[in-house]
Amino acid sequence: MDELIIETKPKNLSRVLAFVESHTGALPKKSQYRINIAVDEIFTNISNYAYQNEPGIAVIRVAVNDAVTIEFEDSGVPYNPIAQTEPNLTQSAEERAPGGLGVFMTQKLMDTVEYRREGGKNILTLKKGVS
């Protein structure tokens, strides 16, 4: 897997997207679009919450073979985003508890989303078939 080590500042999102796109550029536009949305959501969450509004470091890894695999690693506060309950989409935006839509959307856009805590690090892996 190729990797990018980057400070978790929102302004670095464009660098993260460019890194991922450098590996996924040959995919159909629909797949690229879905991957970009997921990458945006996850990196933004890491930037805003992993280090409690302080800059930290994230490692983003990408591999493309029969599927695109994107791994996000940070050593911020332990947080398993896929263990959260799904947002209630039948409620209006005003009634719904804040948060959770980005992870929910990521799970719908990607084929698999897996989380593990290993060596004091959060590791979130996204996979999307290349068809």
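Points to keep in mind about this one:
- Residue check for Gly76: outside any helix (DSSP H, G or I) and at pLDDT below 95: no
- Pairs linking a residue in segment 27-46 that is without any contact (Cβ under 8 Å) to a residue 12 or more places away in the chain and farther than 22 Å from Glu7 by Cβ to a residue that is of a type in the set (Val, Ile, Thr) and surrounded by fewer than 16 Cβ atoms within 10 Å (Cβ to Cβ), with Cβ atoms under 6 Å and 6 or more positions apart or on different chains, do not occur.
- Count of residues meeting criterion [in contact with a helix residue (DSSP H, G or I) (Cβ under 6 Å, 6 or more places away or on another chain), hydroxyl-bearing (Ser, Thr, Tyr) and under 15 Å from Asp74 (Cα atoms)] in segment 10-51: 1
- Residue count for segment 1-18, restricted to those that are of a type in the set (Lys, Arg) and either under 19 Å from Gln32 (Cα atoms) or not in a helix (DSSP H, G or I) (or both): 2
The values are calculated or read from the model by the stated rules, or taken from the named source; none is laboratory data. Nothing here was measured: the structure is a model prediction, and the numbers come from that model. Neighbour counts run over all protein chains shown; Cβ positions are idealised from the backbone, glycine included.
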